[in-house]
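Before any comments, here is the structure.
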Amino acid sequence: MSEKEDKRFHIAHREALIGIVLVVINFVWWFSFAFGLGSGPVSEYGWVMGMPAWFFYSCIAGFLLMVILVVFVVTYMLTDIPFEDEGDYRE
């Protein structure tokens, strides 16, 4: 059977796109806070828990956000599929 007839390829492509979206979200979050809040002079930085606000929000809060998103995606959006060649996933 061809690749187009196997539903596992459709599932794999969807999950790859989910992974790409997670990477883009992480980069946009990090870039926005790191260069948005950290682009001014040091004397004007805000501070959160002893760290510059740009670092806290881009690295610490961004990491926590990504952990929550990845746990959500793995729990609710990814599908366990067998690697063996079985007829269950053929159209």
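What follows is calculated from the coordinates using simple rules that are stated; it is not laboratory data. As the structure is a prediction and not an experimental result, all values here were calculated from the model. Here Cβ is always computed from backbone atoms with ideal geometry, including for glycine, and neighbour counts include all displayed protein chains.
To the nearest ten degrees, helix 62-76 and the longest principal axis of the Cα atoms of the chain are 20 degrees apart. With the alpha-carbon atoms of the stretch 7-80 aligned to their principal axes, the span from lowest to highest coordinate is 57, 20, 9 Å, starting with the largest. Measuring r between the beta carbons of Ala16 and Asp85 and using R0 = 30 Å, the FRET efficiency lands at 0.90.
Taking max minus min of the alpha-carbon positions on each principal axis, the stretch 1-47 gives extents of 65, 14, 7 Å, largest first.
From the helices alone, meaning DSSP H stretches of at least four residues, give me the mean residue ellipticity at 222 nm for the chain, per-run term -39500 (n - 2.57), in deg cm²/dmol to the nearest 500. Write down the numbers at each step before the final one.
Numbers: 2 runs with 46 residues, N = 91.
Result for the chain: -17500 deg cm²/dmol, rounded to the nearest 500.
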